[in-house]
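Enquirer: Before we start, here is the structure in question, set down as C-alpha cells.
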Amino acid sequence: MKNSAHWAQVQEHSFVWGMRFLLWVYLVCGRTVLQLFLYPVVIYYWLINRSARQASQDYLNRVADFAPSLKLHSSLLWSYRHFISFANAITDKLAAWSGTLLRADVQYYGRDELVAILRCGQGVVLLGSHLGNLEVCRVVADFDKTIHINVLVHTKHAEKFNQLLNKTSDNSRLNLIQVTNITAATAMLLSEKIDAGELVIIAADRTPISSQRSQQRVSNVDFLGATAAFPQGPFILAALLKCPVYTVFCLKQHNKHVIYFDHFSDMLNLPRKTREQAMQHIIQHYAERLQTYCLKEPLQWFNFFDFWRVADDDK
C-alpha cells in the first residue's frame with residue numbers, strides 16, 4: 001500500500017450513498033429488514049475497496065502478533081468479519097441518531113463522576129476515537145436533559161450524513177461542529193462551550209486532514225507494537241481549554257452499548273520549555289488507553305486505511 005491516500009479521502013466515501021439508503025430502510029421498515037439490505041452493501045464495499053481490505057488485514061495482523069491470546073487472524077474471512085462489525089455499528093448509529101435506543105440498551109462506567117463535574121458548571125473535554133460507536137454517546141444528552149454535547153466532525157461527508165440524521169430526531173442538545181483544521185477560532189468557540197459547562201468530544205486517533213506534511217502536527221508513539229502517528233491537535237486544544245479531560249469509548253458487548261468514561265487528566269499541561277516531551281508523554285498515554293480498549297473488542301476499531309503508514313513515511 002505504498003500509494004495509500006490520506007484517511008479523509010478513503011474513509012466512508014464510497015459508503016455515503018449506501019448509508020442514505022439504509023437510513024430510509026431503517027426508518028420505514030425497521031432494523032430486521034435493514035439487515036437484509038445492509039450485508040449486501042457491505043460485501044460490495046469490501047470487494048471493491050482493495051486498499052481498505054488490505055488495511056483491515058494489516059491491522060488484524062498487528063493485533064494477532066501483539067495479543068496472540070485473542071486468536072485473531074489476518075485472513076480474508078476475518079477481514080470480512082471486521083467489515084460486518086462496521087456494518088452493525090452503522091445500524092447502531094442509525095438507532096442512536098433516530099432516538100430509538102432505550103435506557104436498557106446502554107450501560108455506563110464512570111458516568112456519575114462525569115455528570116457530577118458537569119452539574120457543578122464545569123465543562124469537560126472527552127477524547128474519543130474510531131473504536132466502537134461514538135455516536136451512541138448522544139444518548140447521554142437524551143437521558144439527562146441538562147447535558148449539552150458538542151462534537152467536532154472533520155469531514156464534509158460526515159457533516160452531510162449527520163445533517164440527514166438530524167432530521168429524524170430532536171438534537172437540540174447536540175451541536176456538530178465541522179472543522180477541517182483546529183484553529184484559534186475553533187478554540188475560542190469551544191472555550192465558550194466549556195465555560196457554559198458543556199461536553200466537547202474530539203476524536204484523537206486520526207491525523208490532520210491537511211495534505212501538506214509540514215502542516216501536520218503529529219507525534220509518533222507506540223501503538224499495538226509499532227510506531228504510529230497520532231494528531232497533536234486534540235491535545236493542544238484540550239490544554240488550551242484548561243478543563244478536566246476524560247476518554248470515552250463505546251463498545252458493543254453482549255448486545256449492549258457499554259460506554260466507558262475514564263479520567264485522563266484534571267488539566268493538560270504543556271510547559272513551554274518541555275513542550276515536546278510533555279506532548280509525547282500525553283499522546284503515548286492516550287495511545288495506551290486506546291490500545292487497552294481496542295484489545296477488548298478488536299473488530300470494532302474502524303480505521304480502514306494504513307494507520308501506520310504516516311509514521312513510516314517520516315522515518
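Enquirer: Give the order of W46, W301 when sorted by the count of other beta carbons within 10 angstrom, beginning with the fewest.
Expert: Ranked by crowding around the Cβ, least crowded first: W46, W301.
Enquirer: Students often get this wrong: which residues of the stretch 250-275 have the backbone nitrogen under 13 Å from the point 7 angstrom along Cα-to-C-beta of D112?
Expert: none
Enquirer: Using the structure shown, list the pairs from K145/K242; K256/K296; K145/K193 with a Cα-Cα distance above 19 Å, or answer none.
Expert: Violating the 19 Å Cα-Cα cut-off are K145/K242.
Enquirer: Only counting other Cβ atoms within 10 Å, I'd like H130, H82, H263, H254 sorted with the fewest neighbours first.
Expert: Values: H130 20, H82 25, H263 14, H254 6.
Ordered from fewest to most neighbouring Cβ atoms within 10 Å, H130, H82, H263, H254 come out as H254, H263, H130, H82.
Enquirer: Among M188, M279, which comes first, then next, by fewest other beta-carbon atoms within 10 Å? It would help to have the intermediate numbers written out before the result.
Expert: Details: M188 10, M279 19.
Lowest count first: M188, M279.
Enquirer: Moving on to the next point. Assuming 0.36 nm per residue, please report the length gained on full extension of the stretch A185 to V153 beyond their Cα-Cα distance.
Expert: Value of the extension gain: 10.0 nm.
Enquirer: Set the Förster radius R0 to 35 Å, insert the Cβ-Cβ distance between T227 and C29 as r into 1/(1 + (r/R0)^6), and round the FRET efficiency to 0.05.
Expert: Efficiency at R0 = 35 Å is approximately 0.15.
The numbers here are math on the coordinates, done by the rules we state, and not lab data. It should be emphasised that the depicted structure is a prediction, and the values quoted were computed from it without experimental measurement. Every residue, glycine among them, receives a Cβ derived from its backbone with ideal geometry; neighbour counts consider all protein chains shown.
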